[in-house]
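Notes follow the structure.
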């Protein structure tokens, strides 16, 4: 959803015209399925509109206290026993990806109907809308939005979902403190390889067809969401309540950041910061450093014990052996 054009074909009275104008004015402020507000002149590349200015140019939310992304300090993460396994519907469907587009601020892949998640400590099912990416400038420059213990990866993948009962209405979703569920996957370099994994080679091959802002092409069959999440243990994750990471920065997101990273060869990561333009001309700048800086810390939980607690059984065994040695020592 974005701006809508209103066509009036027959004369109308002044009252009806006022109503039509009001409907049009309201419609242009509806957020699209990227959940970014294109009515605000925000950007990443220009000091007059980059993320340092968002608290001013999008003051309704971007300067509030539940903002994303954040640095996840694992020393401060607490255990939440209500977190459980996710159920992923149609993540294995090789025909579920609809189209891929250059928005001028990211690369976005829209889904066909039928993607859904539940479980994972969520209060109800959420329908999948799209995924998009954040990156820096080539594979050796941090571009992920979330950091873990102060370390940011070169890229990050966000899969955006909306409460199923809202039936795709993002306006209702952003007005709900938990209206959206975003899955964050940090992307690291897979060393000593090129063109790997094959799924990401397939995805990045589409970039040559969307080099300009506004370009969009259909995704052909043969690529599933599971294919793109290769190697990630989706039972291990961090959870916090935050916001969209682009204006209007609505504080409506249940964030899940997975502990495992997706591994992609450097040449594929580099394509994102060398091929895509921010406007619809080849003279416009290349799209680089498309991420928001980390925001003040928020409370983070996890379903798994932290590593030091995992050593408890081994410690108990060691104590048992020590006690046995003492007993045996006394018997001689």
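The values are calculated or read from the model by the stated rules, or taken from the named source; none is laboratory data. Fair warning: this is a prediction, and the values are worked out from it, not measured in the lab. When we count neighbours, we look across all protein chains shown, and the Cβ atoms used for this are built from the backbone with ideal geometry, even at glycine.
Structure above, values below:
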{"read-out": "Strands (runs of 3 or more DSSP E) completely within region 213-332 that count 3 or more residues being within 21 Å of the chain's Cα centre (by Cα) and modelled with pLDDT of 95 or more", "value": "237-242, 253-258, 262-264"}
{"read-out": "Number of the condition not met by residue 165 [criteria: (1) on the phi < 0 side of the Ramachandran plot; (2) touching a strand residue (DSSP E or B) at 6+ places or on another chain (Cβ under 9 Å)]", "value": "(2)"}
{"read-out": "Residues being buried (at least 16 other Cβ atoms within 10 Å of the Cβ) and out of contact with any helix residue (DSSP H, G or I) (no Cβ under 8 Å at 6 or more places or on another chain) - total across region 268-288", "value": "5"}
{"read-out": "Exclusive hit being in the same structural domain as residue 288 (by TED's automatic domain parsing), surrounded by 22 or more Cβ atoms within 10 Å (Cβ to Cβ) and farther than 17 Å from residue 88 by Cα, set 214, 242, 222, 195", "value": "242"}
{"read-out": "Test result for residue 101, under 18 Å from the mean Cα position of the chain (by Cα) and either under 25 Å from residue 296 (Cα atoms) or without any contact (Cβ under 8 Å) to a residue 40 or more places away in the chain (or both)", "value": "no"}
{"read-out": "One residue from 228, 162 being under 30 Å from residue 76 (Cβ atoms), in contact (Cβ under 8 Å) with a residue 24 or more places away in the chain and in contact with a helix residue (DSSP H, G or I) (Cβ under 7 Å, 6 or more places away or on another chain)", "value": "162"}
{"read-out": "Test: residue in region 154-163 that is under 15 Å from residue 269 (Cα atoms), surrounded by 19 or more Cβ atoms within 10 Å (Cβ to Cβ) and over 12 Å from the mean Cα position of the chain (by Cα)", "value": "yes"}
{"read-out": "Flag for residue 171 being outside any loop (DSSP other than H, G, I, E, B), farther than 23 Å from residue 258 by Cα and touching a residue at least 40 places away in the same chain (Cβ under 8 Å)", "value": "yes"}
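To keep it simple, each residue is scored yes or no on (1) modelled with pLDDT of 50 or more; (2) within 30 Å of residue 149 (Cα to Cα); (3) in contact with a strand residue (DSSP E or B) (Cβ under 9 Å, 6 or more places away or on another chain).
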position: 10; (1), (2), (3): no, no, no
position: 14; (1), (2), (3): no, no, no
position: 31; (1), (2), (3): no, no, no
position: 46; (1), (2), (3): yes, yes, no
position: 59; (1), (2), (3): yes, yes, no
position: 64; (1), (2), (3): yes, yes, no
position: 74; (1), (2), (3): yes, yes, yes
